[in-house]
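Asks: Mind having a look at this structure? Questions to follow.
Bear in mind these aren't lab numbers, they're just calculated from the coordinates by the rules spelled out. All values derive from a computational prediction rather than experimental measurement. As a convention, Cβ positions derive from the backbone with ideal geometry for all residues, glycine included, and neighbour counts pool all protein chains shown.
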Amino acid sequence: MNEVKVQVRDLRKSFGSVEALKGASLDVRAGEITAIVGDNGAGKSTLIKCLTGLYTPDSGEILVDGRPVSFRSPQDAREAGIETVYQDLALCDQLSVWQNLFLDRELTAGFGPFRITRRRAMRDTAAELLAQLAVNVPPVTRTVKRLSGGQRQAVAIARGVMWAKGMIILDEPTAALGLNETAQVEALIRRVVEQGQTVLVVSHNFEQVKRLTDQVWVMRGGRVVGGTRTEDVTGEQLVGMVTGAIPTVETPRGRGRR
Amino acid sequence: MTTTRPHPSVEAGAARSDRLREALRRIGTEEVWTKLTAPVALVLLIIVFSILKPRFISWPSITTMLADSTIPIVLALGATFAVTLAGIDLSLAATVALGSVTMATAHQAGLPLVLCCIVALATGLVVGALNGTFVGWVRIPDFIVSLGSLSLVMGLCLIISDGKPVIISEPVLTAISTQGMGGIRFNFLIAIAIAIVLHVVLFHTRFGTHLLAVGDNPDAATAMGLRVPRIKLAGYMICGLMGGIGAIMLTSYIGSSQPATNTDYLLKAIAAVVLGGVSLFGGRATIYGPVLGAILLTFLQSGLTLLGVDAFYSPLVIGIVVIAAATLMRGRK
């Protein structure tokens, strides 16, 4: 039913003598929520940063919609329709909500170098969009500094949703949130998928992975050591796979392919 | 492991929201303070000096003081762009000196006045580009870069001019700082026009938003695809350009080039920026704030002179005002 949205093939990346990725491979299917789990230092962040253009892999392939891509900057990934919500959210605290939503994609009017930003249009669009997402909506003119943790997260995710043309990557989307806010963010992620986007989420929270995702990939020591449909594993099994107590559940792409 | 989790996180959530509310209240008042410091202090200062010396508030006195505030305003506007980037440009006052020297050299070579002015502006842009390149791409701290360029520019001034001022007698140039409309001199009007343009640049263009974003959080700006080094370069070039404009204003005011750096200008520019509520940590700025700050400092200096206070006390007073203003706005970010 679902096409493969992103394929990662044997990705390697070293920093000096440290091999952060030692040949990682995984698939992300379109219209699903896919999780990457793994202990600290397993290579999750490095893999994500290769997918978002912040790092350039040393070798290996990334295919988006079946076409090989090589991202050299965040703009490249963006042009391929992939938006990222970083763990630190990448928000500018002293800018307003709408300014953050439109950062680097401001609406302008005018000719050539004499372009004026359309502040009102951006404000209205931002307000409309946040109201649609209907999650704990902060006023769009408020500075991000004055938002709660959940609201900040909502703004960062809303920015991803608003610009994504196919896929959103979420790095630890609820790590800093309380229970209520976590539930709201999870609801938001589900809504995003209903709208036809593909979601790749990095999470430490196995309950969340069980609740939220369709497919899960386990990383350990710079490799993807296992992948399975989420419904087929228990939380304990995931923990075992992450720690290495259960060496490998399936061949990396076995059950994931069906 | 999993069943005990809800309770601590609920409590942590409640404690966090309490602390958040408290923090919000404090930030709210602080934001008001930073915005109101310059205007309120200016009004108070005018009232106090008017009571002590009614002559202070006379129209000729006010227009003279506004004309005197021209160079501080222009330099404060330049410094605002460096400070908004969470940086600083210590070479700003030296750039003014170098601009006046290159302008005089162009004048001696027989170039028409307009070209001489362009030479001064280009000098400022080059110094700004040098600072911006080293801050943006080579990633040396702004303080060190501009300290280096301060010395470099001062040296160039002395080498090019041989340490001697050159008289530039151009009626049009002199008219800028002696003539005016309704008593308000052209140099002040030009400074206000520049301030309006820079306000539009900072708050109504993409570049302005990006400048604030880079000053606020360079990592977030990079992640969102902004080209941080380029934006820093542009910010420092605007700062340098203001140094060039300051050079033209100074030459117009004095009627000759000024090879010796007047560090008082740098001090005043930074002081005006701080008084104007621009965050020294970057990302938050206004244009009217530094303008009012520069006017405030000039009025303060003139008022003290009018009261018969020795000119030697003026740096002392400015220093106190700056530290007091910075204390008011402490704990930002």
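Asks: Shielding by partners for B:197-209, please: the mean number of other protein chain Cβ atoms within 10 Å of each residue's Cβ.
Replies: On the way: counts 0, 0, 0, 2, 0, 0, 3, 7, 8, 10, 4, 2, 11.
Going residue by residue through B:197-209 and averaging, the value is 4.
Asks: Amide H neighbours of A:V225 under 5 Å, counting only residues 5+ apart in sequence or on other chains, H built in-plane at 1.01 Å?
Replies: When sequence neighbours closer than 5 places are left aside, the close amide H contacts are A:V218, A:M219, A:R220.
Asks: In which sequence would A:T234, B:T95 go, from the one with the fewest C-beta neighbours within 10 Å to the one with the most? If you can, show how the numbers build up before the last one.
Replies: Numbers: A:T234 10, B:T95 37.
Fewest to most other Cβ atoms nearby, the residues stand as A:T234, B:T95.
Asks: What average count of beta carbons from other chains do you get within 10 Å of the Cβ of residues in B:213-220?
Replies: On the way: counts 8, 1, 2, 9, 9, 1, 3, 12.
Average neighbour count from other chains, rounded to a whole number: 6.
Asks: Next question, about the same structure. Chain B: percent of C-alpha pairs farther apart than 31 Å? Could the numbers behind the result be given before it?
Replies: Details: 19949 of 55278 pairs.
In whole percent, the long-distance tail amounts to 36.
Asks: Per-residue Cβ counts within 10 Å, from other chains only, averaged over A:92-98: what number is that? Before the final figure, lay out the partial values.
Replies: Details: counts 14, 6, 13, 8, 0, 0, 0.
Mean number of neighbouring Cβ atoms from other chains: 6.
Asks: Continuing with the same structure: For the protein assembly as shown, what is the largest minus smallest coordinate of the Cα atoms on each principal axis, given in angstrom and ordered from greatest to least?
Replies: 87, 51, 42 Å, listed from the longest principal axis down.
Asks: What list do you get for B:L296, B:L328, A:L26 if you sort them by fewest beta carbons within 10 Å?
Replies: Values: B:L296 27, B:L328 15, A:L26 22.
With the sparsest Cβ surroundings first, the list reads B:L328, A:L26, B:L296.
Asks: Go ahead and run the numbers for FRET between A:T108 and B:I159, Cβ-Cβ distance against an R0 of 51 Å, rounding to 0.05. Show your work: numbers first, answer last.
Replies: On the way: r = 45 Å, r/R0 = 0.88.
For A:T108 and B:I159, the calculated efficiency is 0.70.
Asks: With label points built 7 Å along Cα→Cβ from the Cα atoms of A:E236 and A:R142, find their separation and express it in nm.
Replies: 4.4 nm
Asks: Over the range A:7-152, what relative contact order in percent results from Cα pairs under 8 Å that are six or more residues apart?
Replies: Working: 181 pairs, mean separation 25.3, N = 146.
Relative contact order, the range A:7-152: 17 percent.
Asks: Relative contact order, percent, of chain B when contacts are C-alpha pairs under 8 Å separated by at least 6 residues?
Replies: Working: 542 pairs, mean separation 109.0, N = 333.
Answer for chain B is 33 percent.
Asks: Here is a follow-up. Return the subset of A:K22/A:K165; A:K49/A:K165; A:K49/A:K210; A:K5/A:K44; A:K13/B:K232 for which the Cα-Cα distance in this structure is over 26 Å, preserving the input order.
Replies: A:K22/A:K165; A:K13/B:K232
Asks: What order do you get for A:193-205, B:260-272, A:117-129 when each peptide is scored by the mean count of other beta carbon atoms within 10 Å, highest first?
Replies: Details: A:193-205: 19.0, B:260-272: 22.1, A:117-129: 16.8.
The most tightly packed comes first, giving B:260-272, A:193-205, A:117-129.
Asks: Moving to a separate point now. Do any trypsin sites (Lys or Arg not before Pro) in the range A:132-193 lie in a DSSP loop with no more than 12 other beta carbon atoms within 10 Å, and if so, which?
Replies: Of the trypsin sites (Lys or Arg not before Pro), the ones in loops of the range A:132-193 whose Cβ has at most 12 other Cβ atoms within 10 Å are A:K165.
Asks: Using alpha-carbon positions, what is the distance between the centroids of the range B:196-237 and the range B:78-153, in Å?
Replies: 20 Å
Asks: Can you compute the helix-only [θ] at 222 nm over the protein assembly as shown? Use -39500 (n - 2.57) per DSSP H run of at least 4 residues, normalise by all residues, nearest 500 deg cm²/dmol.
Replies: Values: 23 runs with 337 residues, N = 591.
Helices in the protein assembly as shown give a 222 nm mean residue ellipticity of -18500 deg cm²/dmol.
Asks: Suppose R0 equals 60 Å. What FRET efficiency, 1/(1 + (r/R0)^6) with r the Cβ-Cβ distance, do A:H204 and A:R120 give to the nearest 0.05?
Replies: Numbers: r = 41 Å, r/R0 = 0.69.
So, using R0 = 60 Å, E works out to roughly 0.90.
Asks: On to the next question. Can you compute the charge dipole magnitude of the protein assembly as shown about its Cα centre, using +1 on each Lys and Arg Cβ and -1 on each Asp and Glu Cβ, nothing else charged? Give it in debye, rounded to the nearest 20. Each step should come with its number before you reach the end.
Replies: Working: 55 positive and 43 negative charges, 104 e Å.
Roughly 500 debye, rounded to the nearest 20.
Asks: Can you work out the PRE-style zone for B:D219? Point 7 Å along Cα to Cβ, and I want the residues of the range A:1-41 with backbone N under 19 Å.
Replies: Once the point is set 7 Å along Cα→Cβ of B:D219, A:15, A:40-41 turn out to lie under 19 Å by backbone N, inside the range A:1-41.
Asks: Give me the angle, in degrees from 0 to 90, between the Cα long axis of helix B:263-275 and the longest principal axis of the Cα atoms of chain B, rounded to the nearest 10.
Replies: 40 degrees
Asks: Order of A:S70, B:S302, B:S177, B:S146 from fewest to most other C-beta atoms within 10 Å?
Replies: Values: A:S70 10, B:S302 19, B:S177 23, B:S146 29.
Exposure proxy ranking, most exposed first: A:S70, B:S302, B:S177, B:S146.
Asks: With r as the distance between the Cβ atoms of B:W137 and A:D88 and R0 = 22 Å, compute the FRET efficiency 1/(1 + (r/R0)^6) and round to 0.05.
Replies: Working: r = 24 Å, r/R0 = 1.09.
The value I calculate is 0.35.
Asks: In percent, how large is the relative contact order of chain A, given Cα pairs closer than 8 Å and 6 or more residues apart? Intermediate results must be reported in sequence, preceding the final value.
Replies: Details: 514 pairs, mean separation 64.8, N = 258.
After rounding, I find 25 percent.
Asks: Could you state the number of Å between the C-alpha centres of the range A:161-235 and the range B:289-330?
Replies: The two parts, judged by their Cα centres, are 57 Å apart.
Asks: I've got another one for you. Mind listing the long-range amide H neighbours of A:A20? Cut-off is under 5 Å, sequence gap 5 or more, other chains count too, H placed in the peptide plane at 1.01 Å from N.
Replies: Those lying under 5 Å, H to H, from A:A20 are A:K13, A:S14, A:F15.
Asks: Treating the angle as unsigned and between 0 and 90°, give the value, to the nearest 10°, between the Cα long axis of helix B:186-204 and the longest Cα principal axis of chain B.
Replies: Taking the Cα atoms of chain B, the angle to B:186-204 is about 30 degrees.
Asks: While we're here: Radius of gyration and Dmax for the range A:93-162's Cα atoms, expressed in Å?
Replies: Calculated on Cα positions, Rg and Dmax stand at 12.4, 39 Å.
Asks: Only four residue types carry charge here, +1 at the Cβ of Lys and Arg and -1 at the Cβ of Asp and Glu. Report the dipole size of chain B about the Cα centre in Debye, rounded to the nearest 20. If you can, show how the numbers build up before the last one.
Replies: Details: 21 positive and 14 negative charges, 159 e Å.
Dipole of chain B, to the nearest 20 debye: 760 debye.
Asks: Note the angle between two axes, namely the Cα long axis of helix B:142-161 and the longest principal axis of the Cα atoms of chain B, as a number of degrees from 0 to 90, rounded to the nearest 10.
Replies: 10 degrees
Asks: Pop out the ³J(HN,Hα) list for the range A:83-93 in order, Karplus 6.51 cos²θ - 1.76 cosθ + 1.60 with θ = phi - 60°, rounded to Hz; leave Gly and Pro as x.
Replies: The phi angles translate into 10, 10, 10, 6, 4, 8, 6, 6, 9, 8, 4 Hz.
Asks: What list of ³J(HN,Hα) couplings, whole Hz, do you get for the range B:239-248 from phi and the Karplus terms 6.51, -1.76, 1.60, once you set θ to phi - 60° and write x for glycine and proline?
Replies: With the stated coefficients, the range B:239-248 comes to 4, x, 4, 5, x, x, 5, x, 4, 5 Hz.
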